[in-house]
Amino acid sequence: MKKATYCNPLDLGYRYQHHKEGENRAGCREGADPTLIYFKGTYYIFVSMSAGFWHSQDLVNWEFHANPDLLIYDYAPDVRQIGEYLYFCASRRGENCPILRTKDPMGDDFQEVSAPFDFWDPDVFCDDDSRVYFYWGCTNTDPIYGVEMDPETMLPIGEKKELIFGRETELGYERPGDNGVVDKEGSLVYQHLKPLFDEASGRLRVPPGVPAEGFDVEHLTKMFLSVGRPYIEGAFMTKHNGRYYLQYACPGTEYNTYADGVYIGDSPLGPFTLQPSNPFSAKPGGFITGAGHGSTIADQYGNYWHASTMRISVNHSFERRVGLFPAGFDRDGVLFCNQNFADYPFRIPEEKFDAAALRPEWMLLSYRKPVVASSTAPGSDAALVVDEDIRTWWSAGSFAEGEWLTVDLEKVSDVRAVQVNLADENLIVDFPEDSYGDARHTRHIELRPQISHYRLEASTDGQTWELIEDAVRECSNGYYEYPDGIQARYIRLTGRALPYGQTLRVSGLRIFGNGGGERPPKAKASAERTGDLNAMVRWEPVTEAQGCNVRYGIAPDKLYMSWMVYGANEVDLSTLIKGQDYYICVDSFNENGITEGDIFKL
């Protein structure tokens, strides 16, 4: 049955990646760096390490198209339309990267046009006058670059230009580390090289007893000085009303503050000026965090959407998922995303709409509700499936099929959707050495579909059960919608056959619907600037609330940034820009709805 709503992270068949670097091995599902495009009446989304791509007619229901020959070990795929062709390229280091094109992505007939140079995180942009530009960059030492390309040969015209540099001392959202806390001293590179650093010269000294020719001073000095600096990466260009919006990701994919910022210019190669409202895409709080390295496009109705990377980063730093967010440009030309409650169900209108006005379709019924399980592994806890954190999970106590857990909503409720988030843990699978297909032979992409089989049941009394889903598909983040509602107090998940014979592990059994009660009282909040890049926001406890959503921005009508908070009465906004004024509003929420707070100036 086709769905009319969606819930982040997107319900896609994320492929398993198996990493092997020396004695360190890790397996997990990955999907990142999405490029979204509307091409000849169909939406396509290309995602790193997926051995294919997804296509849709409505941005809600996605089908996978396998293409393991499409540069599957090259990162950050970029797709753009130029004339009748869809152009495709992706990242590889140490050799020139191919640029391919096709008139029919589903036909798998991609032909190489050029291989201009070695690049990482590419973006092709075709302007209204048919001139073509190319952007790239992904390091914590170098900028985002841009160059014009010959549209026939797809080779550079002229010299590349430096466009965006990291400015982490001025832009709080660029600071690497969870919640903007930079830990240079914790870096092994920093610890190893710090004794060799000479403050007077700003360079490393060659260690005693090491031949000078065996110690690359320039390279290692650059590496040392880059510790604690953000990765500036993931460029994407969107043109709106004659202006050019050059987007970029920072500070690193493994942080909750992974975000997309934007600079604005009057020409494709600049000069560019930082948009005061930044980052325009960020999701530092809630069930799943991160919203960086993405793409921003208009749909068939002229509505804008931003697809980007969301992090798990537990089994491996590249354990990630894909998120989709309504976006837009306000009357002043400010690019923004609506990321309030961005991991709740949303309905996509089949018409032109105001992205800033969209609200979640249903609220969360399962937060911190009682959970019982058939068994629990040591060190685990069934309560972790309702703690609203995708980075924690319950593990069953055995590998046997039939392990189960049940969430008690404590009253018969109007259930409208369920999201089943499965987790991986200590996944080590043996593959032939020659199957590790990236340039360093450290990564294996699983091409065989890894099917998850589980059942969802509902009950009003805990005795009589109704089967509502019998899932047999690739679905690490399965989302199921019940538009007419299910009357249920209990939702039970039972594991069957799972990928690689794993035990049942669940990071979130999230149940959405209509609470039927009163919304919480308004939060009474205050805030103070605690530094150039930070502000502490506090509010009095709201006992009837599940949590609070802190909205903030550069004007009372531009509260485009948000930070969702559970289990606390304060949050340190670490993403601020030096010298920028801000306005803040703290909204309280529970399973019955949202109560907006008062807007005040920081």
Heavy atoms of Val472: accessible area, 1.4 Å probe, square angstrom to 10: 90 Å²
For the stretch 90-214, alpha-carbon Rg over 2.2 N^0.38 Å: 1.49
Give me the net charge of Glu95's neighbourhood, meaning all other residues with Cβ under 11 Å from the Cβ of Glu95; Lys, Arg count +1, Asp, Glu -1. 0
Show Lys283, Lys524 ordered by accessible area, largest first, where the area counts protein heavy atoms only and the probe is 1.4 Å. Lys524, Lys283
Using DSSP to call loops (not H, G, I, E or B), can you name the trypsin sites (Lys or Arg not before Pro) in the stretch 117-162 whose Cβ has at most 16 other Cβ atoms within 10 angstrom? Arg131
Please calculate the 1.4 Å probe accessible area of Tyr560, with all protein chains present, and give it to the nearest 10 Å². 40 Å²
Relative contact order, percent, the chain [alpha-carbon distance under 8 Å, six or more residues apart]: 13 percent
On Cα atoms only, tilt of 217-226 relative to the major axis of the chain in degrees: 30 degrees
Computed accessible area, Lys222, all protein chains, 1.4 angstrom probe, square angstrom: 100 Å²
For the stretch 236-370, what Kirkwood radius comes out of the mean inverse Cα-Cα distance, in Å? 15.7 Å
Using alpha carbon centroids, what distance separates the stretch 1-48 and the stretch 456-521, in Å? 22 Å
With charges only on Cβ, +1 for K and R and -1 for D and E, what is the dipole size of the stretch 171-305 about its Cα centre, in debye, rounded to 20? 200 debye
Calculated SAXS-style log₁₀ I(q)/I(0) at q = 0.11, 0.24 Å⁻¹ - the stretch 342-461, Debye, Cα scatterers: -0.61, -1.48
Can you flag which of Lys184/Lys522; Lys3/Lys411; Lys239/Lys283 are past 32 Å Cα-Cα? Lys184/Lys522
As an exercise, use a Förster radius of 30 Å and the Cβ-Cβ distance of Ala568 and Ser375 to find the FRET efficiency, rounded to the nearest 0.05. 0.40
Along the dipole axis of the chain (charges at Cβ: +1 for Lys and Arg, -1 for Asp and Glu; origin at the Cα centre), the most positive-end residue among Ser366, Gly516, Gln81 is Gly516
Loop-resident sites, the stretch 1-103, for GluC sites (Glu not before Pro), counting at most 11 other Cβ within 10 Å (DSSP): Glu23, Glu84, Glu95
Low-density loop cleavage sites - GluC sites (Glu not before Pro) in the stretch 347-424, where at most 14 other Cβ are within 10 Å (DSSP): Glu350, Glu351
Distance in Å, no decimals, from the C-alpha centre of the stretch 259-324 to the one of the stretch 350-419 is 26 Å
Report the one residue of Cys585, Thr257, Leu405 whose Cα lies farthest in the direction of the positive end of the charge dipole of the chain (charges on C-beta: Lys and Arg +1, Asp and Glu -1; origin at the Cα centre). Cys585
Quick check for me: using +1 on Lys/Arg Cβ and -1 on Asp/Glu Cβ, what's the dipole size of the stretch 345-388 about its Cα centre, in debye to the nearest 20? 120 debye
Between the residues Gln300, His65, Gly158, the Cα farthest towards the positive end of the dipole of the chain, that dipole coming from +1 and -1 charges on the beta-carbon of Lys, Arg, Asp and Glu, is from Gln300
Charges only on Cβ, +1 for Lys and Arg, -1 for Asp and Glu: so what's the dipole of the chain about the Cα centre, in debye to the nearest 20? 820 debye
Want the number for Asp581 to Lys524: 0.36 nm per residue separation, take away the alpha-carbon distance, what's left? 18.4 nm
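The values are calculated or read from the model by the stated rules, or taken from the named source; none is laboratory data. Since the model is a prediction, treat every value here as computed from it, not as a measurement. In this analysis, Cβ positions are derived from the backbone assuming ideal geometry, glycine residues included, and neighbour counts consider all displayed protein chains. For accessibility, only protein heavy atoms count, side chains too; no ligands or nucleic acids. Shrake-Rupley method; radii C 1.70, N 1.55, O 1.52, S 1.80 Å.
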